[in-house]
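Worksheet for the structure shown next.
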Amino acid sequence: MGLLTEGHPLSWEETKKYAQFIREHGIEQFIHTYNKLKDRRNDCLKWGDEVEYIMVRFDHENKKVQLVLKAHDILPTLMEPEHTNPDDCSSLWRPEYADYMIEGTPGQPYGHLPVHFNMVEANMRLRRQQGQELLGKDEYVLSTSNFPRNGCIDFTYPTHKTTPSTSASASLFFPDEVIYPEHPRFKTLTRNIRMRRQSKVAIHVPLFIDEKTPRPFVEDLSIYGDAGDAYKSEAVEDSIYLDAMGLGMGCCCLQVTFQAQSIDEARFLYDQLTPLTPIVLALTAASPIWRGYLADVDCRWNVLCAMVDDRTPEERGLEPLKNERFHIPKSRYSSVDCYISPDSAMYNDTEVIQDADCFHKLTENGIDPMLAQHVAHLFIRDTVSLFKEKIHLDDTQDTDHFENINSTNWQSMRFKPPPVNSNIGWRVEFRPSELQMTDFENAALVTFIVLLTRAIMTYNLNLLIPISNVDENMQSAQKRDAVRHEKFHFRKCLSTMKTPETPCMASVQKSFFQDNECEHRLMTINEIINGSNEFVGLLRIIQDYLSNLEVDADTRCTINQYLNLISKRAAGTLMTNAAWMRNIVTRHPAYKHDSVVSDEIAYDLLWKMTKISTGEEECPTVLPLENDFLSSKCCALTDEKIDENSFIQDECVLIDQSGLLNVFHTLTRANYNRLKHEARISLNSFNDPVIDHFQTLFMTTMKPINSMDAIIQIFSLDKHEKLLEEKSNKNQLIMDNLNNKHYLLCQQVISLLEYGLKERISLLCPLPSVTQLTKTVSFLSLFFLHLHT
Ligand code: ADP
Ligand code: MG
Ligand code: MG
């Protein structure tokens, strides 16, 4: 949730008086950071994920699941390794808004090596385990965006009653005891946002109207809180009423932070990732149930915007401006309002409200108008949480006041300047993703986003569309089943004058725009991700990028599985978490088709999710098949230490022609597992109904690398007609997936395989025939061969 500073919080009345002071000093601090670090160059590519977990408790007897309020209890233990050995721990833990949440990040950020993609999922699993080990019987760590019955009566363990007339959020549904108690920031924020707004926060989430939903649907709110009928008026027809910061900030998300090489690159990345935020939001949709009701939306985004909306009635445009400085169209939790690179200026097509004094101060100090506008826009907000000990600071040594405002602008992207006196560079944070129920999915998303940033930078792509269209996309993304039914504005041609002519980019390179032609058009998520005849598709760009990269076979397999998930989800052949949850609810025997997700249904849903997340149950409608055999199981292999026990020896025997030699006698256990693993993945890939994986599995266009035994050239016969005529034995022709005739140079292959694999090859392929050869090549090619097309 951003910066956490310890200390004694000021009351709202006191905090308010410092609003201008914090703004002025925050700007001073930014100017100082900027001037000191603007020329910082050559920081390496680093990145890391953040996952917010919830903790739940199952009451199997009464079929009820509740959120366990235990973060305050287990966080000290989780944070212990960091305190004793900060440079060498596997994970870092932080408190989050609610006492049922814990936020975990990897111990160190990942770097530029492809093999790091093979570590993400294992680290996520480790974090899940670390949390899990500290929980009691029937308690579990879960990763999901929103607890379906958050805000229902007795939704926590232990239970607490709401006291709207005295509590910080004044909520009918969310008691103060659920807020993380050990850090004053959270309750202070809650109270101050409400005080500033001059009323409690509120949203009416559209209800999913089912066959037997009472019409009109008007909830009786008198059963909640401590004031009986007084709250009746807050219900709005056909909607789910929410009224607490905790019902938004109590949701979980998946964030990725990237370090760029320089401030310019960070600004470029910030802009390029902005049009992707709604696309990823739709792909990750995981929040179809709110306070025990099925909603007509699939995402948390708008709820969060509303649940921390501190704008006064004047700022919201409900009253004429009298005391306030601006009418502000959006909450401080919102999608970004402007691009920040100089080259992006023409796409900022909506009014960017800004603090004029801040803007002038920034530009007077050498900051260009685009960046100045961004900061001056963030600084239209007041501080909503201030600590007594942190007011009078040295603006050349501290960035607390800048961060006070920056980190409470909860936008879809965040531009993060380097902290003072650290070795951390200019960073950007990608923030829209909803959290998925399995580590596999979360790792897949993170990998997809990181690879995309690399491809964008390597190929100098341009994804920009007008910011108003990004905003429009952000709304479409949240609609029910947006992945399958909505269309999104997306840029038609992503290549620029600086994009190199790789095989894939060349196919889209030339379509530069005619005068007056619109640069973007509406596309489905499937087209954006998987491509079409008219559009290259983001996955093809990533595959192209990967094919020019030296990636070990193991990591490549892992990445392929991740991209396969993204591809299928975009194609609609695998469900989003949201669609799957809806499906479980609506088919549940206890569901009365009245939009209500009862205790029993929520219990069954979350129990299923628990089983799926621990790998005990399959979920073939959400996850690709064979998900039990994940690449991450091979992760430890990269650190393999060889000793006598490393060899499989008698466990797996394959006797050679002499009848004496076990061909596998020198195979290490790790390599044996890898062999099995990769063979299985290769075979599974051929069954994929959506994508033909032949190309990606067997035909990488990489330069010869030493780890391969040989590079085999396959000539296309269309180009070598003569060769074809000379060969009488047509059986030696092999068809590839594009129906091109290829003449495989059998003898050459065999002799190379013989050379590389010695006795193993004669056993597997004593008399080369086309069928046997194909089998051999399929089986072995990933590890021993890379066919060079
Ligand atoms: P936030 O302010 O969003 O809470 P965190 O401090 O929790 O940010 O870290 C977010 C992520 O950034 C973590 O995954 C962490 O590993 C990663 N990270 C840490 N240092 C760097 C760095 N120098 N460059 C990029 N990412 C980093
Ligand atoms: Mg973050
Ligand atoms: Mg964090």
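The values are calculated or read from the model by the stated rules, or taken from the named source; none is laboratory data. What you see is a predicted model; the values in this text were computed from it and never measured. Cβ placement follows ideal geometry from the backbone for every residue including glycine, while neighbour counts extend to all protein chains displayed. To get the accessible areas, we keep the full protein, side chains included, count just its heavy atoms, and leave off ligands, DNA and RNA. Shrake-Rupley method; radii C 1.70, N 1.55, O 1.52, S 1.80 Å.
The table for this structure:
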{"quantity": "Rounded FRET efficiency, nearest 0.05, which uses the C-beta distance separating PHE21 from ASP594 and R0 of 35 Å", "calculated": "0.10"}
{"quantity": "Cut-off under 5 Å, modelled amide H: who pairs with VAL336 long-range", "calculated": "SER412, MET413"}
{"quantity": "Centre separation in Å (Cα based) which lies between the stretch 417-442 and the stretch 149-194", "calculated": "28"}
{"quantity": "Cα gyration tensor, the stretch 93-244 - rounded (a/c under 1.5), prolate or oblate", "calculated": "prolate"}
{"quantity": "Alpha carbon Rg of the stretch 1-101, scaled by the compact-globule rule 2.2 N^0.38 Å", "calculated": "1.59"}
{"quantity": "Convex hull volume per residue for the stretch 333-421, taking Cα atoms only, in Å³", "calculated": "116"}
{"quantity": "Per residue, in Å², the accessible surface of the stretch 45-154 once ligands and nucleic acids are set aside, probe 1.4 Å", "calculated": "36"}
{"quantity": "Volume in Å³ per residue [convex hull over Cα atoms, computed for the stretch 60-181]", "calculated": "130"}
{"quantity": "Equivalent ellipsoid semi-axes - Cα gyration tensor, the stretch 394-530, angstrom", "calculated": "31, 21, 17"}
{"quantity": "Residue-by-residue Karplus 3J(HN,Hα) for the stretch 355-361, coefficients 6.51, -1.76, 1.60, Hz, glycine and proline x", "calculated": "7, 4, 5, 4, 4, 5, 4"}
{"quantity": "GluC sites (Glu not before Pro) restricted to DSSP loop in the stretch 1-67 with at most 12 other C-beta within 10 Å", "calculated": "GLU6, GLU61"}
{"quantity": "Qualifying chymotrypsin sites (Phe, Trp or Tyr not before Pro) in the stretch 316-412, DSSP loop, other Cβ atoms within 10 Å at most 15", "calculated": "PHE326"}
{"quantity": "Set of aspartates and glutamates near LYS608 by C-alpha distance (under 17 Å), chain-local residues within fewer than 8 positions excluded", "calculated": "ASP59, GLU61, ASP138, GLU139, ASP439, GLU441, ASP599, GLU600, GLU616, GLU617, GLU618, ASP628"}
{"quantity": "In the stretch 536-594, the trypsin sites (Lys or Arg not before Pro) that fall in loop regions by DSSP, at most 16 other Cβ within 10 Å", "calculated": "LYS592"}
{"quantity": "Unsatisfied cross-links (Cα-Cα over 24 Å) in the set LYS16/LYS322; LYS416/LYS498; LYS46/LYS492; LYS330/LYS388; LYS161/LYS330", "calculated": "LYS416/LYS498; LYS46/LYS492; LYS330/LYS388; LYS161/LYS330"}
{"quantity": "Tensor-based shape of the stretch 236-306 (alpha-carbon gyration tensor, a/c under 1.5 rounded, otherwise prolate or oblate)", "calculated": "prolate"}
{"quantity": "Calculated over the stretch 118-201: convex hull of Cα atoms, volume per residue (Å³)", "calculated": "147"}
